[in-house]
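Please treat every number below as a calculation from the coordinates, not as lab data. Every value quoted in this text rests on a predicted model; they were computed, and no experiment measured them. Virtual Cβ from ideal backbone geometry, glycine too; neighbours counted across all protein chains shown.
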Amino acid sequence: MLSAQNFGESGKMKEYHYTGPVEHRFSPYAFNGGTVLAVAGEDFAIVASDTRLSEGYSIHSRDSPKCYKLTDTTVIGCSGFHGDCLTLTKIIDARLKMYKHSNNKTMTSGAIAAMLSTILYSRRFFPYYVYNIIGGLDEQGKGAVYSFDPVGSYQRDTYKAGGSASAMLQPLLDNQIGFKNMEGVEHVPLSKDKAVQLVKDVFISAAERDVYTGDALRICIITKEGIQEQNIPLRKD
Amino acid sequence: MALAAVCGVQCASEPFGQIFSGKQARLFDRPNHFSFGTKIQEFAVPVGNEPSSFLRSCDREEGVRIELDHGTTTLAFKFRHGVIVAVDSRASAGKYLASNDVNKVIEINPYLLGTMSGSAADCQYWERLLAKECRLYRLRNNHRISVAAASKLLSNMMLGYRGMGLSMGSMICGWDKEGPGLYYVDDNGTRLSGRMFSTGCGNGYAYGVVDSGYEEDMTVEEAYELGCRGIAHATHRDAYSGGSVNMYHMREDGWIKVCKEDVSDLIHRYREGMF
């Protein structure tokens, strides 16, 4: 039986109250939420992200997209810790300029991906807390998606979701684009319009169930004509 | 001396050695990303913190979870007709499956292969660096690097960062003047030559299967079947291995990629033979 005598002044139970030193450490990281998605097609690529910037229980901004245009044929989506996202994109922009000045040509998507891997690995022991996905066109004009982990491991994919709702979106993409776990279905290649509609539907689902995803959706469609942007509103709650 | 600087040769008075001198490469708390073309590796390290426990300590914070891609089964064995290398293709980040379609074999040159297990980023980075060093060796010495030397380069790289939390278990397989070569190298700096190795969290299952079916004078078909079985059964029981089996055969005239088979199909095939 718990009696009033067992409780100390602050209401904590006397016998089970820790009284030693406690370590509080400054954390250099914060989690700012957000979801990023990229899909590669035959001659196009799509990079999409939501625009909500949150921290804990607050929303800092409803208009903070996570797609950044790098070149005319490449867009990167970065989610995780916003401070590291900003620094990382600044560093990538600087390196792109330097490459252009030394080599007199723009970096290709594959080269940007390889470079980003080494940039991320140089911080192996103090990582950039960013989940990156690069979408663009390769040298042959085909769509390419490269997905990264925070320390630089990467590979080329057809589609990838990253960020807070990635675990919810990736299985849906596996089923709709990869035709996984479906029997007797014809594997139709993805057209650009169908891909854009799928991305919109997928983000609407994410906004329903993930608290860090919502407000608006920014889609960047990359084709050989250039990069086209669309903004679609999502749930604001 | 201008030529020495271009070739990257350090003078004896230089306090910080390059990575192969056995000392650690420079560690900064703020890496200078704008000193491009640096010949010495620079890694950022959190100030005042022990690097290997820093990432784990971050997990306590609300929502911040830095999970790196991990997990594998790989195996390789020598037999009369060369070396068989078989790997799975799964990468997991914590309990989330980041990808079921990762390439865990790096093709260093037509006579040298490296496998990857442990942390995906560590393996990709250091083996890519090994490929660069092997290429430079070939250009400087006009003959291909031996398997023993290549594996020594990799193990020295690992020794330079011992204790800092790298995670890599790799097998360097090749065919050089001594014949077929197979070395196991890991993040502690261990370097072992042997006839058969398996690495990764599924290695116990693979060892059991391959040990029971191994014979020195197997035919090539039997060896392919054994490699596939080893990986397939390991993926069946180990949660962190799966996807498909990528198999390579290292022969006297170079390696060939044998197959890429989905493990679910393989397990069904084996099941049918059982009952």
Quiz prompt | Cut-off 13 Å between beta-carbons: net charge of the residues surrounding A:Ile92, Lys and Arg +1, Asp and Glu -1 | solution = +3
Exercise. With unit charges on the beta carbon (Lys/Arg positive, Asp/Glu negative), name the residue among A:Met182, A:Ile134, A:Tyr154 whose Cα is farthest towards the positive pole of the charge dipole of the range A:126-198.
Key: A:Ile134
Quiz prompt | Relative contact order (%) - chain A, alpha-carbon pairs under 8 angstrom, separation at least six | solution = 25 percent
Quiz item: Roughly how tilted is helix A:166-176, in degrees to the nearest 10 and between 0 and 90, from the longest Cα axis of chain A?
Solution: 40 degrees
Self-check item: Pair A:Glu229, A:Val211: separation of 7 Å Cα→Cβ label points (nm)
Solution: 3.0 nm
Exercise. Determine the alpha carbon to alpha carbon distance for each of A:Lys100/B:Lys257; A:Lys100/A:Lys224; A:Lys180/B:Lys260; A:Lys100/A:Lys142; A:Lys192/B:Lys95 and list only those over 27 Å.
Key: A:Lys100/B:Lys257; A:Lys192/B:Lys95
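Just how large is the dipole of the range B:67-212 about the Cα centre, in debye to the nearest 20, putting +1 at every Lys and Arg Cβ and -1 at every Asp and Glu Cβ?
For the range B:67-212, the charge dipole is close to 540 debye.
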Quiz item: Can you tell which of A:Ser166, A:Ser61, A:Ser102 shows the greatest fluctuation in a Gaussian network model of chain A with Cα springs below 10 Å?
Solution: A:Ser102
Quiz item: Relative to the first principal axis of the alpha-carbon coordinates of chain A, what is the inclination of helix A:82-103, with its axis defined by its Cα atoms, in degrees from 0 to 90 and to the nearest 10?
Solution: 30 degrees
Quiz item: So what's the back-of-envelope 222 nm ellipticity for chain A, counting only DSSP H runs of four-plus at -39500 (n - 2.57) apiece and dividing by all residues, rounded to 500?
Solution: -9000 deg cm²/dmol
Quiz item: If you count, for every residue in A:24-30, the Cβ atoms of partner chains within 10 Å of its Cβ, what is the mean?
Solution: 4
Exercise. Partner chain Cβ atoms within 10 Å, averaged over the residues of B:119-129 - can you pull that number for me?
Key: 5
